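Before any comments, here is the structure.
The values are calculated or read from the model by the stated rules, or taken from the named source; none is laboratory data. This is a predicted model, so every value here is computed, not measured. All Cβ positions, even for glycine, are placed from backbone atoms using ideal geometry, and neighbour counts span all protein chains on display. Only protein heavy atoms, including side chains, enter the accessible area calculation; ligands, DNA and RNA are left aside. Shrake-Rupley method; radii C 1.70, N 1.55, O 1.52, S 1.80 Å.
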Amino acid sequence: QVQLVESGGGLVHPGGSLRLSCAAFGIIFSIYDMEWYRQAPGNKRELVARITSDLSTNYADSVKGRFTISRDNDKNTVYLQMNSLKPEDTAVYYCNAHLITGHPRREYDYWGQGTQVTVSS
């Protein structure tokens with residue numbers, strides 16, 4: 001069984017920074033894309049950032065230049081550094097990993113439990 005465990009959310013003032021982490025635990029053979037999504041009340045879940053296994057990245061237009069996604073393959077962990085936070089960044093943030101696990105080995109999508117980020121003065 002694989003689990004994704006997130007940490008790092010919280011309350012921050014506009015213009016502040018937070019760093020989210022998401023670690024994958026369990027029997028994992030490979031991790032392909034790792035992603036961060038967010039969902040604000042009343043809105044659909046949206047893709048914030050993606051990082052591939054070869055470290056290519058892409059971002060939602062709304063966070064380009066402010067957020068940075070990175071990963072540590074030795075620790076099966078993905079990070080999201082969020083700078084210059086705005087009230088509209090307030091949401092629950094979820095990590096997602098496309099990975100190989102199980103017997104026989106198959107590709108699955110796993111989600112973290114979500115972490116609340118609130119940007120408010």
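Whenever you get a sec, compute what percent of the accessible area on the chain sits on carbon and sulfur atoms (1.4 Å probe). So the carbon and sulfur contribution to the accessible surface is 47 percent. When the Cα positions of LEU47, LEU11, TRP36 are compared along the charge dipole of the chain, LEU11 comes out farthest toward the positive end, with charges on each C-beta of Lys, Arg, Asp and Glu.
Legend: residues TRP36, TRP111, sorted from most to least accessible area (1.4 Å probe; ligands, DNA and RNA excluded), read TRP111, TRP36.
Taking all protein chains as shown and a probe of 1.4 angstrom, THR52 keeps an accessible surface of around 30 Å². For the chain, report the accessible area per residue in Å² (1.4 Å probe, heavy atoms, rounded to an integer). Each residue of the chain exposes 55 Å² on average to a 1.4 Å probe.
Contact order for the stretch 71-118, expressed relative to its length and based on alpha carbon pairs under 8 Å spaced 6+ residues apart, stands at 35 percent. Taken along the Cα-to-beta-carbon direction at a fixed 7 Å, the label points for GLN39 and LEU55 span 3.3 nm. Modelled spin labels at ASP109 and LYS86, positioned 7 Å past Cα toward Cβ, are 2.7 nm from each other. Given a cut-off of 14 Å, what percent of all Cα-Cα pairs of the stretch 20-66 lie beyond it? Roughly 61 percent, once rounded to a whole number. The calculated FRET efficiency for the pair GLN1 and SER121, based on their C-beta separation and a Förster distance of 35 Å, comes to about 0.25.
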